[in-house]
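> Here you go, one structure.
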Amino acid sequence: MTKVWLITGTSRGLGRALVEYALEAGDNVVATARNTASLEPLLQKYPSTLLLQALDVTDASAAEATVSAALEKFGHIDILINNAGFAALAPVETTTAEDFRTHVDTNLVGVFNVTKAALPHFRTRGVGHIFQVSSIGSRAGNPGLGAYQATKWAVSGFATVLAAELRPLGVKVTSLEPGAMQTDMIGDDMAVREFPEIYEGTVRPVAKYLAGAGKGDLAAIGGTEISKVGKVIEALFEADDPPVRLLLGKDAVWSSGKAAEALAASDEKWKELSVLACP
């Protein structure tokens, strides 16, 4: 069965890889980006199965127009992937209000806008799968990523609630939570802001790791090849009872396990204080 994918944030990285995967599989794709110029070669190659839409996900009316254009072109949407995002690295103390708002507006409000625009269609059809691209950062806390990871915690929480609302209606929801991926994490995809020397010991190692993770040996760190994520999404789409949250990568599985162990140990250590105020 030919599927229709609507994917945000497709100018490069994971979004671009997902567009290429779906098109090569013979599916129809609505690809969005703030600037779609880099996608024009794909449109020339797949003129009948690719629809390009310039979209700023922070604009709710533009999100509604994009969904309408997708339905007009292809008749329905099977898979929605909210992939557009923003990231800047800085300690909380020196994170600007503008940067924090941009994280929230793009990574969280943008997800809300596009999801909300598509919900009437999914609800009416009673079928489909919504994917929110979150991060292993939704289960951990790394110095320098306060704004970014705060939004990813929120995205995974949003997906969890949405899944509970839509499951009885036949619509699936999954939050994808990858670790390292071979993208330009430090560069086009994540800006490193200047910060005081006092944070060199905590924030700088994270910046160095992210810079290396995007360009290094993925097999060595257990990261995710973006060209293979499309297969994961197809498998989840076909599954009868897919997970609400799915880790991507051996590194993500390891990090999540360590975070869960630390949280459980802390809960156990302080449980007497937890119940101290109970009647």
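Taken together, the values in this text are just the output of simple stated rules run on the coordinates, not laboratory data. Computed from a predicted model, the values in this text were never measured in an experiment. Cβ atoms come from the backbone with ideal geometry, glycine included; neighbour counts cover every protein chain shown.
> Determine the dipole magnitude for the chain: charges of +1 sit on the beta-carbon of Lys and Arg, -1 on that of Asp and Glu, nothing else is charged, the reference point is the Cα centre, and the result goes in debye to the nearest 20.
The calculated dipole for the chain is roughly 360 debye.
> Where does helix 250-269 land angle-wise versus the long Cα axis of the chain, in degrees 0 to 90, nearest 10?
Between the helix axis and the principal axis of the chain, the angle is about 40 degrees.
> So for the pair LEU263, GLU40, with labels modelled 7 Å out along Cα→Cβ, what separation do we get in nm?
Going by the 7 Å Cα→Cβ label model, 4.7 nm.
> Go ahead and run the numbers for FRET between GLU72 and VAL161, Cβ-Cβ distance against an R0 of 35 Å, rounding to 0.05.
The formula returns an efficiency of 0.70 here.
> Considering region 4-270, what Rg and Dmax in Å follow from its alpha-carbon atoms?
18.4, 61
> Using only Cα atoms, tell me the angle between helix 146-166 and the longest principal axis of the chain; keep it within 0 to 90° and round to the nearest 10.
60 degrees
> Students often get this wrong: which residues of region 8-35 have the backbone nitrogen under 16 Å from the point 7 angstrom along Cα-to-C-beta of THR2?
In region 8-35, the label zone of THR2 (backbone N under 16 Å from the point 7 Å along Cα→Cβ) covers 22-31.
> Measure nothing fancy, just the Cα-based angle from helix 110-125's long axis to the longest principal axis of the chain, in degrees from 0 to 90, nearest 10.
That helix lies at roughly 50 degrees to the long axis.
> Taking 7 Å along the Cα-to-C-beta vector as the label spot, tell me the TYR209-THR96 distance in nanometres, rounded to one decimal.
2.7 nm
> Consider a paramagnetic label point 7 Å from the Cα of LYS228 along Cα→Cβ; state which residues of region 9-33 have an amide N under 19 Å from it.
Output list for this probe position: 13-22, 25.
> Calculate, for GLU194 and ALA235, the FRET efficiency according to 1/(1 + (r/R0)^6) with r their C-beta to C-beta distance and R0 30 Å; round to the nearest 0.05.
The formula returns an efficiency of 0.10 here.
> Sort 40-53, 9-22 by the packing proxy (mean of other Cβ within 10 Å over each peptide's residues), most packed first.
With the highest mean Cβ count within 10 Å placed first, the list reads 9-22, 40-53.
> Separate question: Tell me what the chain gives for mean residue ellipticity at 222 nm when only DSSP H runs of n ≥ 4 count, each as -39,500 (n - 2.57), the sum divided by the residue total, rounded to 500 deg cm²/dmol.
Details: 11 runs with 126 residues, N = 279.
Calculated mean residue ellipticity at 222 nm is -14000 deg cm²/dmol.
> Okay, moving on. If r is the Cβ-Cβ distance from TRP270 to SER48 and R0 is 41 Å, what FRET efficiency results, to the nearest 0.05? Don't jump to the answer; show the numbers that get you there.
On the way: r = 60 Å, r/R0 = 1.47.
Here the calculated transfer efficiency is 0.10.
> When the C-alpha atoms of region 55-96 are aligned to their principal axes, what extent does each axis show, in angstrom, from largest down?
48, 20, 9
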